[in-house]
Amino acid sequence: MREALSFCRICPGYCGLVLTIDEDERIVDIRGDKAHPLSDGFACIKGLQSAHLYHGPQRLLHPLKRNTDGGHERITATQAIDEIAERMRTIATRHGLDAVAFFKGGNVYQNTLPSIYQRAFIEAFGSRSLFTNNTIDQSAKAVSADRLGSWHAGRNHFAIADVMMIVGGNPMVSISMFGFDAYNPVKKLKAFKARGGKLIVIDPRRSETAQFADIFLQPRPGEDVTIAAAMIRTILENGWLDGDFCDRHVAPLEDLRRAVAPFTLEYAELRADVPADLLLAATKMLATSKHGFITTGTGPSMAPRSNLMQHLFDSIDVLCGHFLREGDRVPHPGLMKKREWRAQVVPAGRCWEKGPRSRVRGLGLLYGEKMTGAIAQEITTPGEGQVKALLVDGGNPASSVADQRRVVEAFKSLELLVTVDPEMTETAQLAHYILPPKLQFEHPNMVGLLEHETSFHQRPVQQFVEAAIAPPSGSDLVDDWRVYYALAQRLGLQLCVDDVPLDMVVAPTPEEMFSLLFRNGNVTFEEIRQHPRGKIFDVQQTVLAADPAEKARFDIAPTDVLLEIEEVFSQGGSGPQSNKGSANLDLLLISRRLREVFNSAGRTSPRIRGHQPYNAAYMHPELLARYGLAAGDRIRITSAHGAVIAIAQGDGTLRDDVVSMAHGWGGLPDSGAPEENGVSVGLLISTESDFEVINAMPRQSAIPVRVEHARAHSEN
Ligand SMILES: Nc1nc2c(c(=O)[nH]1)N[C@H]1C(S)=C(S)[C@@H](COP(=O)(O)OP(=O)(O)OC[C@H]3O[C@@H](n4cnc5c(=O)[nH]c(N)nc54)[C@H](O)[C@@H]3O)O[C@H]1N2
Ligand SMILES: Nc1nc2c(c(=O)[nH]1)N[C@H]1C(S)=C(S)[C@@H](COP(=O)(O)OP(=O)(O)OC[C@H]3O[C@@H](n4cnc5c(=O)[nH]c(N)nc54)[C@H](O)[C@@H]3O)O[C@H]1N2
Ligand code: SF4
Ligand SMILES: [Mo]
């Protein structure tokens, strides 16, 4: 038996762990590392129960290739890479480079090297078809940043905040919230409250996070635009804005003032079902704070009008000047790259209007990415750029992308589908090739390379760990980064990282790659390496004065935003119908996360399943009673797009007009009972009739549905 230090990379919590490993290189115990300076012992069930991912029977230990009768057979990694490269070459020659597409899933962010190599490969290969989970997540943030503009030095953040407003996020469970600290979040939130910090939460569910709230608003889902507009109106009316900041950095406010004029607190009360006096109190608390800020989560980012929602909440931060100012300390100056932070606006660029346009709805690129919400259409719509090959890494789009039937049909029509995944996921079942990778404890790694505002930490932290265990003996696994390197070798491509051409004969070791990445940074890789438990590095940087030549202002009221605010009001109504598809869809299905699994990952562990056997349809007990339902009953959930059979479960923290369900379950369509497989929420969501215009974001929350009892044996 031996012990090894590592850290968990399932989510951005990066909890320090101590692994106990037996003589056969099997993990027999995992515990939180109490001596870890950042997570100090905290770890959740996903990390503590992750030994199963390594040693469970579900783990794929050899690459697989689909045969003619639809089954999969074992091949070697070398042969798989040879064949994939050849097929990519043929498809690109026949249909153009954009016909070869890439999907970067959530797992890649926590695994630093594959994202570096994937980017280098796509650049060298020359395809413009990169899809990521971002455009089915919170890409409203990217749209807002490039339509409103952003602040070069970044927003206020948790470490300095006196007031924090969380809109539709639950960091106590998700551990992932921009502006909040992902290391040991419960302890962090308690410390925040102990030092007098005030928390406002807006969520249709009294979530684990909302239980800490000083002011909790529990609105009708999908009405965040109404709430934000009413808050803006209230701030302007009461003069709670930062006048100096607005004079200097914000375009004229008159159009915005006019647009939000109809959104009185009383109107918001009626429409969003939040008490006017509470909304007023929340607005005052936030707007009159010293260092307040707003952070939005996935809930409102998935509900309809998510781009407008983000624009308006960001606008509140703008009006109140919730940004770091000249002389303020930069929380996470970045260790990998040296750069400056200035007290100035980064002007809106509207990147989606400038680059190439897709033949699918004229969609542009969002910071270089194509829209995952339209990936099925990008595969099935003939013409320039039609996707024929897809290489998926660390994602499970056949489960995670809305409109699952359409996505699955589209994937079946691909000439080449490859996935790098340790398990036989929904996507893997459809794939021509499956390349199982070494898992996190089996390779050296660092904390995700996001820094500064996009980081989930407000301090310059970094940790490097060696591989803690060897891969299973007899396995033929790939290093996920090496997939791109090996493909590049076969295709004769020169990969470059940070403008440095890589040796294409002998691959750099991970350590050499990290040295390269940090070569111009605030610390070197060698320094990081000296602290096996990770370290908060002493890198001090303050925000500099604005560049005198930079005159940009926040574009707070662009025409498309103004028109949409008008549309929201006129479409309006004042009751629940404003958000509904039709009168008989009288409930709203909302998104959520489950503590025990990470999206679709973790479902295959028997221990996890003991805690979370399937993704239940949570409803308030009174709502269950009104429908004559009991916990455990099978229910039929019908939306304008589809229907599923799910299992009802009581949850008193919910409003009594919603159904709350997590995604990532249910297998492929029509593949089993909800008690065994859970349910795919994506079957209820259209990607053709209800989506955001700029980023094709489907309506993944606040989905109008009807619920009925389903007799256990008559329906399946
Ligand atoms: N345990 C666990 N952790 C995870 C994940 C996981 O699956 N499991 N997934 C990871 C991923 S990919 C992400 S992106 C992050 C997401 O992290 P979060 O954004 O914190 O995700 P959730 O915990 O689902 O919180 C979303 C909240 O929004 C609320 N909500 C739903 N609809 C609406 C609405 O219309 N308006 C408002 N105001 N609220 C609404 C829900 O009730 C829920 O409480 O979590 C990450 N961490
Ligand atoms: N209806 C609805 N749909 C949603 C959401 C919602 O709330 N509601 N949430 C959306 C959000 S926020 C997101 S981020 C997406 C998630 O979308 P995806 O990123 O497509 O889905 P995941 O289930 O996170 O896929 C992660 C995959 O990585 C694999 N994996 C685990 N370890 C490794 C490894 O070391 N290497 C590699 N290569 N793979 C590994 C896992 O087995 C799993 O298959 O789903 C979105 N879809
Ligand atoms: S999944 Fe759990 S153990 Fe792993 S990093 Fe996140 S919070 Fe920590
Ligand atoms: Mo996500």
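Details
- Count of residues meeting criterion [in contact with a Phe, Trp or Tyr (Cβ under 7 Å, 6 or more places away or on another chain), closer than 26 Å to residue 536 by Cα and surrounded by fewer than 23 Cβ atoms within 10 Å (Cβ to Cβ)] in the stretch 296-335: 1
- Residue 177 satisfies every condition listed in (1) under 22 Å from the mean Cα position of the chain (by Cα); (2) away from ligand 4 (no atom under 16 Å from the Cβ); (3) surrounded by fewer than 24 Cβ atoms within 10 Å (Cβ to Cβ) except (2).
- Cβ-Cβ contacts under 7 Å between residues 6 or more apart (or on different chains), taken from a first residue in the stretch 642-664 that is in contact (Cβ under 8 Å) with a residue 24 or more places away in the chain and farther than 15 Å from residue 710 by Cα to a second residue that is acidic (Asp, Glu) and away from ligand 3 (no atom under 16 Å from the Cβ), are listed as 656/622; 660/651.
- The residues of the stretch 677-693 that are surrounded by fewer than 24 Cβ atoms within 10 Å (Cβ to Cβ) and either farther than 26 Å from residue 311 by Cβ or over 18 Å from the mean Cα position of the chain (by Cα) (or both), listed by number, are 677, 683, 686, 688, 689, 690, 693.
- Taken across the stretch 8-28, residues that are charged (D, E, K, R), buried (at least 17 other Cβ atoms within 10 Å of the Cβ) and away from ligand 1 (no atom under 16 Å from the Cβ) do not occur at all.
- Residue within the stretch 507-515 that is assigned to a helix (DSSP H, G or I), more than 30 Å from residue 175 (Cα to Cα) and of a type outside the set (A, V, I, L, M, F, W, C) present: yes
- Qualifying residue in the stretch 49-57 (condition: within 16 Å of ligand 3 (Cβ to nearest atom), surrounded by 20 or more Cβ atoms within 10 Å (Cβ to Cβ) and at pLDDT below 95): no
- Test for residue 564: is it surrounded by 14 or more Cβ atoms within 10 Å (Cβ to Cβ), out of contact with any Leu (no Cβ under 8 Å at 6 or more places or on another chain) and over 21 Å from residue 328 (Cα atoms): no
- Inter-residue pairs, beta-carbon under 6 Å, first polar (S, T, N, Q) and in the stretch 312-323, second assigned to a loop (DSSP other than H, G, I, E, B), 6+ apart: 315/556
- In the stretch 505-533, the residues that are closer than 26 Å to residue 494 by Cβ form Cβ pairs under 7 Å with partners that are among the hydroxyl-bearing types (Ser, Thr, Tyr) and in a loop (DSSP other than H, G, I, E, B), at six or more places apart or across chains, as follows: 518/524.
Residues checked against (1) within 27 Å of the chain's Cα centre (by Cα); (2) closer than 19 Å to residue 221 by Cβ; (3) surrounded by fewer than 16 Cβ atoms within 10 Å (Cβ to Cβ); (4) not charged (D, E, K, R):
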{"site": "629", "(1), (2), (3), (4)": "no, no, no, yes"}
{"site": "632", "(1), (2), (3), (4)": "no, no, yes, yes"}
{"site": "640", "(1), (2), (3), (4)": "yes, yes, no, yes"}
{"site": "658", "(1), (2), (3), (4)": "yes, yes, no, yes"}
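- Some residue of the stretch 103-121 being within 16 Å of ligand 3 (Cβ to nearest atom), more than 21 Å from residue 430 (Cα to Cα) and among the hydroxyl-bearing types (Ser, Thr, Tyr): yes
- For the residues 213, 268, 251, 261, the requirement of being under 27 Å from the mean Cα position of the chain (by Cα) and in contact (Cβ under 8 Å) with a residue 12 or more places away in the chain singles out 213.
- Of the helices (runs of 4 or more DSSP H) lying entirely inside the stretch 366-443, those containing at least 1 residues that are among the basic types (Lys, Arg) span 404-412.
- Near pairs, Cβ below 6 angstrom, 6+ apart or cross-chain, from the stretch 463-485 (over 16 Å from residue 448 (Cα atoms) and free of Cβ contacts under 8 Å to residues at least 24 places away in the same chain) to any residue that is within 16 Å of ligand 1 (Cβ to nearest atom) and not aliphatic (A, V, I, L, M): none
The values are calculated or read from the model by the stated rules, or taken from the named source; none is laboratory data. These numbers were taken from a predicted model, which means no experiment stands behind them. Cβ coordinates were reconstructed from backbone atoms using ideal geometry, including for glycine residues, and neighbour counts include every protein chain displayed.
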